[in-house]
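Worksheet for the structure shown next.
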Amino acid sequence: MASTSASASTSTPTPTPTQPQSTPARKYNLHNPLPLSASQEAEVKQLYYKRHYNYVILIEEKRGANSAAAFAECAVNRTVTATWVCRAQRLAMNSCMVAHAKPEEEDRAREEWFATHEERRRAKEEELARVEKRREEVIRMMREDEARKKR
């Protein structure tokens, strides 16, 4: 009997429907993050690639070689043909990017995405509020116009 009461006291109590449930502040764990939607993951990847590309260009400028600029120069005025016409420059740029691609860089991009998440959410809510306000104004104007026409 004593062992069951001791184990019950050490386990975490589960809240019953009558007990108020406290909501802790949201903290994101980058190593085991919340599951993101496909569009959110795409935003994180886009941020990662942007940051990574800028980082690689900075490193290449310090070395004196700029394979990204060479590829961009070769690809000017080309669309699909840039893939095989500029193959050497593309492979040089990709090998440099792969050499500097590290999981830490992706973690930094994810951190930045989470840090700006609330700001983006707030901006979206403000935009929706502006749209709703304008919609109500248009509806009011339409009703006033209908009332004028009836008189």
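Below is a table of values for the structure above.
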{"item": "Positive-end residue, segment 38-150 charge dipole about Cα centroid, Cβ charges, pick of 92, 82, 117", "result": "82"}
{"item": "Ratio Rg/Rh [Cα only; Rh per Kirkwood] for segment 38-150", "result": "1.31"}
{"item": "Within segment 54-151: Cβ-based charge dipole about Cα centre, in debye rounded to nearest 20 (Lys, Arg +1; Asp, Glu -1)", "result": "720 debye"}
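Computed from the coordinates by the stated procedures, all read-outs in this text should not be read as laboratory data. Computed from a predicted structure; not experimentally measured. Cβ sites come from the backbone with ideal geometry, for glycine too, and all protein chains shown count toward neighbours.
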